[in-house]
1. List every residue pair whose Cβ atoms sit under 7 Å apart, with the two residues 6 or more apart in sequence or on different chains, where the first one lies in segment 95-117 and is on the phi > 0 side of the Ramachandran plot and the second, anywhere, is surrounded by fewer than 21 Cβ atoms within 10 Å (Cβ to Cβ).
2. Which one is nearest to E402 (Cα to Cα), of the residues in segment 87-128 that are open to solvent by 10 Å² or more (accessible area, probe 1.4 Å) and in a strand (DSSP E or B)?
3. Among the numbered criteria (1) at pLDDT 95 or above; (2) more than 22 Å from the chain's Cα centre (by Cα), which one does I357 miss?
4. Got at least one residue in segment 300-317 being of a type in the set (S, T, Y), farther than 26 Å from G421 by Cβ, in a strand (DSSP E or B) and within 21 Å of the chain's Cα centre (by Cα)?
5. From the list G98, G90, G120, G110, which one is modelled with pLDDT under 95 and under 21 Å from L154 (Cβ atoms)?
6. Find all pairs meeting these conditions: Cβ atoms under 9 angstrom apart; at least six residues apart or on different chains; first residue within segment 345-367 and farther than 19 Å from V44 by Cα; second residue among the β-branched types (V, I, T) and part of a helix (DSSP H, G or I).
7. With crowded, with 21+ Cβ neighbours inside 10 Å, within 22 Å of K58 (Cβ to Cβ) and touching a Ser or Thr at 6+ places or on another chain (Cβ under 6 Å) as the only criterion, which of G169, G179 stands out?
8. Restricting the search to segment 342-373, which residues are assigned to a loop (DSSP other than H, G, I, E, B) and either closer than 21 Å to M312 by Cα or in contact with a Cys (Cβ under 7 Å, 6 or more places away or on another chain) (or both)?
Amino acid sequence: MDPNCSDMAGDAGRKEEEISKVKIRSKTHVKPGKIIGRKECQLVTFDLPYLAFYYNQKLLFYKGGEFEEQVEKLKDGLRVILEEFYQLGGKLGKDEEGVFRVEYDDDMEGVEVLEAIADGLTVDQLAADESTSSFKDLIPYNGVLNLTGLHRPLLSVQLTKLKDGLAMGCAFNHAILDGTSTWHFMSSWAQICRGSNSIAAPPFLERTKARATRVKLELSFPPNPVASSNGHTDQAPQLREKFFRFSEAAIDKIKSKVNSNQPSAASKPFSTFQSLAVHIWQHVTQARCLKPEDYTVFTVFADCRKRVDPPMPDSYFGNLIQAIFTVTAAGLLLANPSDFGASVIQKAIEAHNAKAIEERNKEWEAAPKIFEFKDAGVNCVAVGSSPRFKVYDVDFGWGKPEGVRSGSNNRFDGMVYLYQGK
């Protein structure tokens, strides 16, 4: 046995203990700084499938600073930025025909802001941690479905004072925005806090420009996803989590290997994403010890802003993503060189054009099916987030974050989150 193992176990236990000492000190609400009036915005076909997902959670942690001053600056900036992103200060609702929408009114309570303290916990401890379960207490709305946005805020922010910094845990209602919109909001909020009088790109709030079809849904809360047939609640499956950090040199090596065996001279080179995706897909499939005839699915949530016709601006606020699925036999994926799997992924992504998006939308609108977050396919590897999101540029005036993480919501066996490196 490694003589360091007992020390490591002790350190982990102490860290869990420190995390469990997170104490919520106060809860307030922040509203836009000006009168906006009554606003209603229909949720569209791109939004609706996420009603049975959970709130999308993000955690950013920063070193240094005076906590009380930071909190006031963040609240002041939030009041300003909500004048543009007012939908986050609203609630989910339904119109008289049963069509879901975002509703905002000046008498609504706005964004929930929690202030907490965990002064035994350091930024370095958070940065070194690879398990989301240990920082659950730093992010609000664990296990909370988006559908509850009918009666709770669409954004909750928890600001926790650490021993040597600040942890910012955010829970966004995924039925009203995707990752692109999430980071657009976060970077805009940071821009205001740094002293700017305006933001680089105001949100484009007209969802029906992307899809105007009105879909009526009769939704109730799904049964407990881990309840067994006898009605007793079983323990949710225990997931193990791991960070893999790919250096620029490692990515170049992977990309070079995948592109060294192009199917034909006319083939398009495989992108960094496609190269890394097949690398992960092959290794996860290998680790699962699947039979050669077992199917394995690769799923990527693709941004459709530039794929739809007419294309939408990058600042489109809402969900404008669709899951792209591709499937092959485990034996084929593993027996062939990596360009085989990369080609399968590349073809699926390229085929997802305006026509394919239109067909998928029409099919869904004819028979709406609300998926749960884990319905991504058999033996699945699913990729969320994106290295294109400038998560380490979210500087509120006291420096860039030391770390950025996704929370424990919407995780299942095979879920991968891709972030840029610090």
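1. Filtered contacts from segment 95-117: G98/K216; G98/L217; G98/E218; G110/H29; G110/K31.
2. Checked segment 87-128; the qualifying residue nearest to E402 (Cα to Cα) is I117.
3. Exception for I357: condition (2).
4. Yes: segment 300-317 contains one or more residues that are of a type in the set (S, T, Y), farther than 26 Å from G421 by Cβ, in a strand (DSSP E or B) and within 21 Å of the chain's Cα centre (by Cα).
5. Result of the check over G98, G90, G120, G110: G98.
6. Qualifying pairs under 9 Å: I345/V278.
7. Testing whether each residue is crowded, with 21+ Cβ neighbours inside 10 Å, within 22 Å of K58 (Cβ to Cβ) and touching a Ser or Thr at 6+ places or on another chain (Cβ under 6 Å) leaves just G179.
8. Answer for segment 342-373, where residues must be assigned to a loop (DSSP other than H, G, I, E, B) and either closer than 21 Å to M312 by Cα or in contact with a Cys (Cβ under 7 Å, 6 or more places away or on another chain) (or both): H352, N353.
The values are calculated or read from the model by the stated rules, or taken from the named source; none is laboratory data. No experiment lies behind these values; they were computed from the predicted model shown. Note: ideal-geometry Cβ built from the backbone for every residue, glycine included; neighbour counts use all protein chains shown. The area values use the complete protein model at the heavy-atom level, side chains included, leaving out ligands, DNA and RNA. Shrake-Rupley method; radii C 1.70, N 1.55, O 1.52, S 1.80 Å.
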